[in-house]
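Working notes for the structure below.
Only the coordinates and a few stated rules stand behind these numbers; no lab work does. Bear in mind the structure is a predicted one, so any value in this text is a computation, not a measurement. All Cβ positions, even for glycine, are placed from backbone atoms using ideal geometry, and neighbour counts span all protein chains on display.
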Amino acid sequence: MIKKRKILIVVANYYRSISRSLLNSAKKSLMKTFKIEVKTVPGIFEIPVVISKNIKKFDGFVALGCVIKGETPHFDFISKATIEEIMRLSVKNKKPIGNGIITCLNMKQATERKNKGEEAANAVNSVLD
């Protein structure tokens with residue numbers, strides 16, 4: 001019997017409706033091929049910590065969430081730090097991490113990109129094939 005590979009999806013729930021759509025699209029892409037576990041975090045900044053704590057337990061990861069630019073530079077700092085750390089974790093541990101964190105200027109853009117979870121899941125799937 002072939003053992004299914006395990007994928008951890010880490011989803012930031014700050015924008016719940018967007019996160020739910022990202023998660024549903026990612027799960028739809030992975031369900032038939034992988035064993036999936038989902039962990040939620042308050043915002044994208046917490047995603048790398050959860051991945052790091054679970055790096056040895058899973059074959060791949062999908063990071064999902066949304067950041068919408070406000071009037072302060074907070075958006076730039078959080079987005080850059082999170083995405084750089086996700087890439088560092090992936091390369092250092094030689095494990096795929098699909099980046100489904102969308103960075104938008106407004107809610108309209110976020111809503112239009114709510115299916116990006118599937119693209120992130122497909123990226124992980126292509127590396128694990």
Query raised in the report: Among 90, 19, 52, whose mean-square fluctuation peaks in a Gaussian network model of the chain (Cα, cutoff 10 Å)?
Result: 52
Report summary line: Non-local residues with an amide H under 5 Å from the amide H of residue 13, with H modelled 1.01 Å from N and Pro and chain starts lacking one, are 41, 43
**Report entry** Total formal charge among the other residues, if their Cβ is under 11 angstrom from that of residue 103, Lys/Arg +1 and Asp/Glu -1
**Finding:** +3
Report summary line: Phi-derived 3J(HN,Hα) across the range 104-112 with the Karplus relation (6.51, -1.76, 1.60, θ = phi - 60°), rounded Hz, x for Gly and Pro, is 10, 8, 7, 5, 4, 4, 4, 4, 5
